[in-house]
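Okay, structure first, notes after.
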Amino acid sequence: MKKTYKIEVDCANCANKMEEAAKKTEGVKDASVNFMALKMIVEFEEGAEPSDVMEKVLKNCKKVEDDCEIFL
């Protein structure tokens with residue numbers, strides 16, 4: 001399952017950091033961040049609960065870019 005989330009991030013480099021952090025999160029099969037559109041597309045692993053996984057994604061992204069935001 002894929003879902004798209006609106007994000008808030010200051011620069012393209014920060015967006016890349018968010019993408020890498022999301023990809024390393026348990027329950028995420030793949031993730032991509034479009035800095036120009038301010039969107040994150042997340043593909044979830046089979047059986048993963050998107051709302052639970054996205055809370056972990058947000059925490060991981062805040063570790064690498066503390067002023068980023070993902071609108072869940």
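Label points 7 Å out from Cα along the Cβ direction at Lys59 and Asn13: separation in nm?
2.8
Sort the following peptides by mean Cβ neighbour count (other Cβ atoms within 10 Å, averaged over residues), highest first: 60-69, 18-27.
Numbers: 60-69: 15.6, 18-27: 18.7.
Order by mean packing, descending: 18-27, 60-69.
Over the chain, what number does the Rg to Rh ratio reach, with both radii from the alpha-carbon atoms and Rh per Kirkwood?
Computed over Cα atoms, the ratio is 0.92.
Note the angle between two axes, namely the Cα long axis of helix 50-64 and the longest principal axis of the Cα atoms of the chain, as a number of degrees from 0 to 90, rounded to the nearest 10.
Helix 50-64 sits at roughly 30 degrees to that axis.
Remind me, relative contact order of the chain in percent, using alpha carbon pairs under 8 angstrom and six or more residues apart?
Here the relative contact order equals 42 percent.
With a sphere of radius 10 Å drawn around the Cβ of Met40, what net charge do the other residues whose Cβ falls strictly inside it have (Lys, Arg +1; Asp, Glu -1)? All intermediate terms of the calculation are to be shown ahead of the outcome.
Working: positive: Lys3, Lys6, Lys39; negative: Glu19.
Net local charge, Met40 excluded: +2.
With each run of n ≥ 4 DSSP H residues scored as -39500 (n - 2.57), what mean residue ellipticity at 222 nm is computed for the chain after dividing by its residue count and rounding to the nearest 500 deg cm²/dmol? Don't skip to the answer; put the middle values down first.
Details: 2 runs with 27 residues, N = 72.
Calculated at 222 nm, the ellipticity per residue is -12000 deg cm²/dmol.
Hey, got the dipole for the chain? About the Cα centre, +1 on K and R Cβ, -1 on D and E Cβ, debye to the nearest 20?
It comes to approximately 100 debye.
Every number in this text was worked out from the coordinates using simple rules, so none of it is lab data. Computed from a predicted structure; not experimentally measured. Counting neighbours? That spans all protein chains shown, and the Cβs are built from the backbone with ideal geometry, glycine included.
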